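Shown next, in structure tokens, is the structure this report addresses.
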Amino acid sequence: LEEAIEKGKQTNRGERGQIAIGFVSSAVYKIIPPILRRFRTLVTGVNLELHELTSDRQIEWLQEGKLDVGFVRPPFREEEFNVAANFQESLIVALSESHPLADRASISLSLLAHESFIIFPRPVAPELFDRIISLFQQANFSPKIVQEAIQMQTIVSLVAAEMGVAIVPASIENLQRTGVVYKTLEEQTPQSAIAIIYRKKQQSATVMKFIEVVEEISDESRVLSVENLALQSAI
């Protein structure tokens, strides 16, 4: 009886149960790991069910109740969901290590005007796709897109196979794929966003415990970014 009572208390505190989490593949390389580590350290009795899905599929599953939390790329209908955090990052270029520009510290986008590009289909992440295309427009050229792939790791693998180059979120640099190098762009790039969302009618204490951790990590990341900018300005 005492054990049953304690389990009930743990459930009410969000320390027992299950959370179904969806995520886009690129969230794995920077955003998700610190959140899961923190949550698993604080809460040991919750089972995390992870699903790698495109943003549009996550929206469907959230609406159907198959997911509790989604790591998605905008846009989405904000009236349906609460946003726990919104992580922003710059865009970089992925090149094969044999590429003539691979030895440069950074690359001007204009130098890529005649390259073949690998990119994801627009329906997968419309906002990110449009921001990447806007980069090319600012550099006064239209990209020659030779291949599309849904997953970022597939795009990077195709870059390694020398099928083309790719503009990717900066966190993809943590995907250390043999045969690929990552370079910053000399131009100021638009920000790539990943939002952590959940249903507005969410009542689960377990899910809200997870959201608390997400918000803590987001606040810490924001403070660190401000400190880094201040340090760079001082230098």
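Do you know which of the residues in the range 196-217 that are part of a helix (DSSP H, G or I) and surrounded by fewer than 17 Cβ atoms within 10 Å (Cβ to Cβ) is nearest to the chain's Cα centre (by Cα)? Give the steps one after another, and end with the answer.
Residues of the range 196-217 part of a helix (DSSP H, G or I): 205-217.
If we keep only those that are surrounded by fewer than 17 Cβ atoms within 10 Å (Cβ to Cβ) too, we end up with 205, 208, 212, 215-216.
Values: A205: 25, M208: 21, E212: 19, E215: 16, E216: 17 Å.
Per the stated criteria, the residue is E215.
Residues of the range 53-86 being within 13 Å of the chain's Cα centre (by Cα) and free of Cβ contacts under 8 Å to residues at least 60 places away in the same chain, which ones?
As a first pass, look at the range 53-86 and keep what is within 13 Å of the chain's Cα centre (by Cα): 53-55, 70-74, 85-86.
L53, the sole residue that qualifies.
Just need a number here: residues in the range 171-195 that are in a helix (DSSP H, G or I) and open to solvent by 30 Å² or more (accessible area, probe 1.4 Å).
Filtering the range 171-195 down to residues in a helix (DSSP H, G or I) leaves 171-174.
Of the ones still in play, those that are also open to solvent by 30 Å² or more (accessible area, probe 1.4 Å) are 173-174.
Summing the residues that are in a helix (DSSP H, G or I) and open to solvent by 30 Å² or more (accessible area, probe 1.4 Å) in the range 171-195 gives 2.
Quick test of your reading of the structure: I107 fulfils all but one of (1) open to solvent by 60 Å² or more (accessible area, probe 1.4 Å); (2) touching a Lys or Arg at 6+ places or on another chain (Cβ under 7 Å). Name the failing condition by number.
Among (1) open to solvent by 60 Å² or more (accessible area, probe 1.4 Å); (2) touching a Lys or Arg at 6+ places or on another chain (Cβ under 7 Å), I107 violates only (1).
Need a quick list: strands (runs of 3 or more DSSP E) entirely within the range 66-141 having at least 2 residues that are farther than 19 Å from R177 by Cβ and of a type in the set (V, I, T). If you could, list the steps in order and put the result at the bottom.
Details: elements: 69-72, 81-89, 91-96, 116-119.
Fully inside the range 66-141 and qualifying: 69-72.
Could you check, for the range 156-168, whether at least one of its residues is out of contact with any helix residue (DSSP H, G or I) (no Cβ under 8 Å at 6 or more places or on another chain), at pLDDT 95 or above and either open to solvent by less than 10 Å² (accessible area, probe 1.4 Å) or within 17 Å of S55 (Cα to Cα) (or both)?
Yes, that holds for at least one residue.
What are the pairs with Cβ atoms under 6 angstrom where one residue, in the range 97-115, is under 17 Å from E173 (Cα atoms) and the other, located anywhere, is surrounded by 13 or more Cβ atoms within 10 Å (Cβ to Cβ) and of a type in the set (S, T, Y)? Sequence gap at least six, or different chains.
S106/T184
Regarding the range 119-132, can at least one residue be identified that is open to solvent by less than 30 Å² (accessible area, probe 1.4 Å) and over 30 Å from Y198 (Cβ atoms)?
The answer is no; no qualifying residue exists.
If we keep just the residues of the range 35-52 that are open to solvent by 30 Å² or more (accessible area, probe 1.4 Å) and not in a helix (DSSP H, G or I), which is nearest to Q151 (Cα to Cα)? Before the answer, list the steps.
Filtering the range 35-52 down to residues open to solvent by 30 Å² or more (accessible area, probe 1.4 Å) leaves 36-38, 40-42, 44-45, 47-52.
With the extra rule that they be not in a helix (DSSP H, G or I), the set shrinks to 44-45, 47-52.
Values: T44: 31, G45: 32, N47: 26, L48: 22, E49: 20, L50: 16, H51: 14, E52: 10 Å.
Within the range 35-52, the match that is nearest to Q151 (Cα to Cα) is E52.
The values are calculated or read from the model by the stated rules, or taken from the named source; none is laboratory data. Since the model is a prediction, treat every value here as computed from it, not as a measurement. Note that each Cβ is placed from the backbone with ideal geometry, even for glycine, and that neighbours are counted across all protein chains shown. With ligands, DNA and RNA removed, areas are computed over all heavy atoms of the protein, side chains included. Shrake-Rupley method; radii C 1.70, N 1.55, O 1.52, S 1.80 Å.
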